[in-house]
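The values are calculated or read from the model by the stated rules, or taken from the named source; none is laboratory data. This structure is a prediction, so every number in the text was calculated from the model and none was measured. Note that we place each Cβ from the backbone using ideal geometry, even for glycine, and neighbour counts take in every protein chain shown. For the accessible areas, the whole protein counts, side chains as well, though only heavy atoms, and no ligand, DNA or RNA atoms are used. Shrake-Rupley method; radii C 1.70, N 1.55, O 1.52, S 1.80 Å.
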Amino acid sequence: MSAGARLAIVRAAEELFASDGIEGPSLREIARRAGQGNTNAAQYHFGDRDGLLLAVLDRHRGRVEARRGELLDLVEGTDPVEPRALSTALVAPLVAELSEPDGGAAHLQIVAEVLARPVRFAGTLEALWQAPSIGRWSQLVEPLLPEEAVGRPLHRRFAVLRFVHGELASRARERGGRGDHRLFASHLVDLVTAMLAAPVTHWTTDLIRPTTDGGRTR
């Protein structure tokens, strides 16, 4: 398969995954949308839906990583680390995707669905979590979190990622790349900063203490 055909399939999948859900369109439908005479072209080259999904996400990874990496370089040069700067490093590269003409808004909607369904998309989610910039951001954020919010069962950092992408996906569906996103972005950064700093109340800690049978309340 030529590079042009591969890109056409990835772009077609991106459009259909965003509009109909990742599990909505068939691989044959995606191949037809891409203008491929062989309706098995997507399966032949990408293997299955999850392989194609990873290819869709990889198409945008480089620019998001580059933007976030630059912001994290600035954060790491400060002492102490400023929480709002860390929130900005997470949010700003994603808000920039809203204005990317080549599938940026669709990309945000797809990632939001992956994060909203962590069991179904566990493999894809693991790949997202291993992105270098997310690893750096996660390490810088951890010392700022309440001890109980680090890792399971609360996993505050994952909750923040899911919240941010959910808000961005809603914005993408309603406006795409249109409009001025500055107020939206600043408010979203404010909310993320508050989420990272929020205490874990005794009502919540009571529910995550070990139970008498050795398990935990979920």
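Below is a table of values for the structure above.
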item: Nitroxide proxy distance, nm - points 7 Å out along Cα→Cβ at ASP58 and ALA92; result: 2.9 nm
item: Shape of segment 96-177, Cα gyration tensor, a/c cut at 1.5; result: prolate
item: Over segment 1-52, volume per residue of the alpha carbon convex hull, in Å³; result: 59 Å³
item: Residue-averaged 222 nm ellipticity for the chain, from DSSP H runs of 4+ at -39500 (n - 2.57), nearest 500; result: -21500 deg cm²/dmol
item: Listed residues ALA12, ALA105, ALA127, most fluctuating in the chain (Gaussian network, C-alpha, under 10 Å); result: ALA127
item: Per residue accessible area in Å² of segment 112-194, where ligands, DNA and RNA are left out and the probe is 1.4 Å; result: 53 Å²
item: Vicinal HN-Hα couplings computed from phi for segment 57-66 (Karplus, 6.51 cos²θ - 1.76 cosθ + 1.60; Hz; Gly/Pro x); result: 5, 5, 4, 9, 4, x, 6, 5, 4, 5
item: Charge dipole of the chain about the Cα centre (unit charges at C-beta), most positive-ward option of PRO25, PRO80, HIS155; result: PRO25
item: Crossing angle, helix 182-197 versus the chain [Cα axis fit, 0-90 degrees, rounded to tens]; result: 50 degrees
item: Dipole magnitude (debye, nearest 20) for segment 1-105, charges at Cβ of Lys, Arg, Asp, Glu; result: 500 debye
item: Segment 1-89: relative contact order as a whole-number percent, Cα under 8 Å and 6+ apart; result: 22 percent
item: Shape of segment 116-159, Cα gyration tensor, a/c cut at 1.5; result: oblate
item: Choice from GLU97, GLU147, GLU14 showing the highest fluctuation, given a GNM over the chain with Cα pairs closer than 10 Å; result: GLU147
item: Full-extension gain in nm, ARG6 to HIS202, via 0.36 nm per residue minus C-alpha separation; result: 65.3 nm
item: Compactness of segment 24-134, expressed as Rg and Dmax over alpha-carbon positions, Å; result: 16.8, 58
item: Total charge dipole magnitude, the chain, about the Cα centre, Cβ charges on Lys, Arg, Asp, Glu only, Debye to nearest 20; result: 500 debye
item: Where segment 65-109 is the region considered: accessible area per residue in Å², 1.4 Å probe; result: 43 Å²
item: Anisotropy class of segment 129-182 from Cα gyration tensor, a/c 1.5 cut; result: prolate
item: Alpha-carbon Rg/Rh ratio, for segment 42-85, with Rh computed the Kirkwood way; result: 1.32
item: Cα convex hull of the chain, projected area averaged across orientations, nm²; result: 14.0 nm²
item: Estimated inter-spin distance, GLU76 and SER19, nm [label 7 Å along Cα→Cβ]; result: 4.1 nm
item: Distance in nm between pseudo-label sites at ASP190 and ARG32 (7 Å out along the Cβ direction from Cα); result: 4.8 nm
item: Additional length obtainable on full extension of the chain from VAL150 to ALA127, 0.36 nm per residue less Cα span; result: 6.3 nm
item: Listed residues ARG61, ARG175, ARG120, most fluctuating in the chain (Gaussian network, C-alpha, under 10 Å); result: ARG120
item: Segment 16-31 - phi-based ³J(HN,Hα) in whole Hz, Karplus 6.51/-1.76/1.60, Gly and Pro as x; result: 6, 4, 5, 7, 10, x, 4, 9, x, x, 7, 5, 5, 4, 5, 4
